[in-house]
Amino acid sequence: MSHDRALPRLGGMKIAIVGATGMVGAPVSEILGRRGHEVRPMSRSCASCRVDVTSGDGLARALDGVDAVINATNGPASGKAARVLVDGTKRLLEATSAHHVCVSIVGIGELAPFSSYYRVKVAQEEAVRESGRPFTIVRATQLHDFVGGPLRRVAKAGLQLCSRALLQPVDGSEVAAVIASVAEGAPRQGTVTVAGPEILTITEMRLRGGFPVPLPMPPGLGRSLRAGAATVADPDVRGRIAYREWLTKN
């Protein structure tokens, strides 16, 4: 299924992007700019659209007249994540009735008992669903960079992680294309899933060479991942770039 056939486009829109400098937000901004839209990158460090979602400073000006808001924020791994992802999302939703596109992660519901960050992501999605605003939630499986980066760092130390945990890595550029197309289209009032072309164990994803060591994780988390909690058999959009192909080019 191609992104363009699956998700219709419009032209000449005003689209705000929160987290526009991040791993997902940056390519989304580039795609939408190429398609002729007015992109408003929003962050605390942005000179043109300086915004702080934790306080609401700058929101009214930045969101004035926008057709869609892409919420691609990444909260800190600390206990402050809820301030950014939940409270900040509520402020965005209160500030505009534009189509709210929330970027999320496949499997957060199943994995929330084992991850405080995923519990915050669940609360963020709930805030979006309960807001009464037009919305679409885009859930993606783990990005190639998120998986391949740590495995490479471990490999440099002469180790190779082994685990039967299942992941379905997807290329960030393909996720960005879907998010851009979702923002151009009508609100779904539901979820769009994006996943990689193959499901692999961590053992299968490791780099060659090095001393094999088991990847430690809590028993409940391990069972959930081995059962496929972070994967989706029939995603709405399936990426084409395989993990090994990404490795050879990055």
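What follows draws every value from the coordinates through simple rules; no lab data is involved. Everything numeric here is computed off the predicted structure, so don't read it as measured data. Note: ideal-geometry Cβ built from the backbone for every residue, glycine included; neighbour counts use all protein chains shown.
Taking 7 Å steps out from each Cα toward its Cβ at Thr203 and Arg226 produces label points 1.1 nm apart. All Cα-Cα distances of segment 205-250, cut into 5 Å bins from zero to the largest, leave 4, 14, 15, 17, 23, 19, 6, 1 percent in each bin in turn. Per residue, the average separation of C-alpha pairs within less than 8 Å and at least 6 apart gives segment 155-239 a relative contact order of 54 percent.
Only helical runs count toward this figure. For the chain, summing -39,500 (n - 2.57) over DSSP H runs of n ≥ 4 and dividing by all residues gives -10000 deg cm²/dmol at 222 nm.
Split the chain at each of the trypsin sites (Lys or Arg not before Pro) in a DSSP loop with at most 15 other beta carbon atoms within 10 Å, and the longest piece is 81-163. Placing dummy labels 7 Å off each Cα toward the beta-carbon, the span from Lys80 to Ser97 is 3.5 nm. Counted residue by residue at 0.36 nm each, then reduced by the alpha carbon distance between them, the extension gain from Arg244 to Met217 reaches 7.3 nm.
Taking the chain as the region of interest, the number of lysine pairs whose Cα atoms are within less than 27 Å, with members eight or more places apart or on different chains, is 6.
The share of alpha-carbon pairs in segment 91-132 lying farther apart than 17 Å comes to 34%.
Taking Cβ atoms as reference points and 13 Å as the exclusive limit, the residues near Leu85 contribute a net charge of +3, counting Lys and Arg as +1 and Asp and Glu as -1. In segment 82-141, Cα pairs under 8 Å separated by at least six residues give a relative contact order of 49 percent. Taking every alpha-carbon pair under 8 Å whose residues sit at least 6 apart, segment 46-117 reaches a relative contact order of 34 percent.
Computed on the chain, the Cα convex hull volume stands at 126 Å³ per residue.
For segment 173-250, rounded, prolate or oblate, judged on the Cα gyration tensor with a ≥ b ≥ c (square roots of eigenvalues), a/c < 1.5 rounded, else prolate if a/b > b/c? It is oblate, given that a/c is not under 1.5 and a/b is not larger than b/c.
When each of the peptides 21-29, 97-105 is scored by how many other beta carbons lie within 10 Å of its residues on average, the order from highest to lowest is 97-105, 21-29.
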